[in-house]
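The values are calculated or read from the model by the stated rules, or taken from the named source; none is laboratory data. These numbers were taken from a predicted model, which means no experiment stands behind them. Cβ sites come from the backbone with ideal geometry, for glycine too, and all protein chains shown count toward neighbours. Just the protein is used for accessible areas: all its heavy atoms, side chains included, with ligands, DNA and RNA removed. Shrake-Rupley method; radii C 1.70, N 1.55, O 1.52, S 1.80 Å.
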Amino acid sequence: AGTVEFLVEGTGDDATLAFLEMNTRLQVEHPVTEAVTGRDLVHAQLEVASGAALPWSQDQISVRGHAIECRVYAEHPADHFLPDSGMLLRYQEPVGPGIRVDTGVVTGSLVSSHYDALLAKVITHADTRATALARAGAALARFVVLGVRTNIELIGRVLRHPRVVDGRVDTAFLESELD
């Protein structure tokens, strides 16, 4: 079991797929797949690793709704995205329907400069892309992190950007729109 990455251009029967890579591990974006399929990929991976058969076949999987993943980092976007470090004086995650937060920190955690600056992944799921985006923006607005600088405000601005709202983004989006 692993992760296969593609780029997709177009929709439906007119879509063009371009293979990128195959990894024999879960990607950090696996909660998005879990949200839209209702399948616990981590549990399935552990079961398969212990010798069990994959618990479903492709024809048993369907996709429902849209999911957005936002990665909250201890970093300073205005200073070339330099990582930040320090003690989390307050850490309060957003909660609510369609909101999932994956993290390994709590209030009082030390964010070290010796490790990845990722604090949390905020995953939102909804029936429509517009609602998933709005839910992500609302969740980030309620996310409280004190003690280190974060990219929360930047992510919120990105989620509201017309190109993101319209689904017209590419890998050069931040470079072209960062101002």
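Couple of notes before you dig in:
- Total residues in the range 26-79 satisfying the condition of being in contact with a helix residue (DSSP H, G or I) (Cβ under 8 Å, 6 or more places away or on another chain), in a helix (DSSP H, G or I) and closer than 16 Å to Ile99 by Cβ: the figure is 1.
- Across the range 108-141, the number of residues qualifying as of a type outside the set (D, E, K, R) and within 17 Å of Ile152 (Cα to Cα) comes to 17.
- Filter result for the condition that a residue is more than 15 Å from the chain's Cα centre (by Cα), under 25 Å from Arg135 (Cα atoms) and either open to solvent by 50 Å² or more (accessible area, probe 1.4 Å) or not aliphatic (A, V, I, L, M) (or both), over Arg39, Arg100: Arg39
- Yes/no for Val48 being over 30 Å from Thr150 (Cα atoms), without any contact (Cβ under 8 Å) to a residue 60 or more places away in the chain, within 18 Å of the chain's Cα centre (by Cα) and exposed (fewer than 14 other Cβ atoms within 10 Å of the Cβ): no
- Taking the criterion of being over 22 Å from Met87 (Cβ atoms), in a loop (DSSP other than H, G, I, E, B) and within 18 Å of the chain's Cα centre (by Cα), the residues of the range 141-167 that qualify are His161, Gly167.
- Boolean, Val105 is in a loop (DSSP other than H, G, I, E, B), in contact with a strand residue (DSSP E or B) (Cβ under 9 Å, 6 or more places away or on another chain) and either more than 17 Å from Glu153 (Cβ to Cβ) or among the hydroxyl-bearing types (Ser, Thr, Tyr) (or both): yes
- Qualifying residue in the range 70-91 (condition: free of Cβ contacts under 8 Å to residues at least 24 places away in the same chain and under 27 Å from Ala35 (Cα atoms)): no
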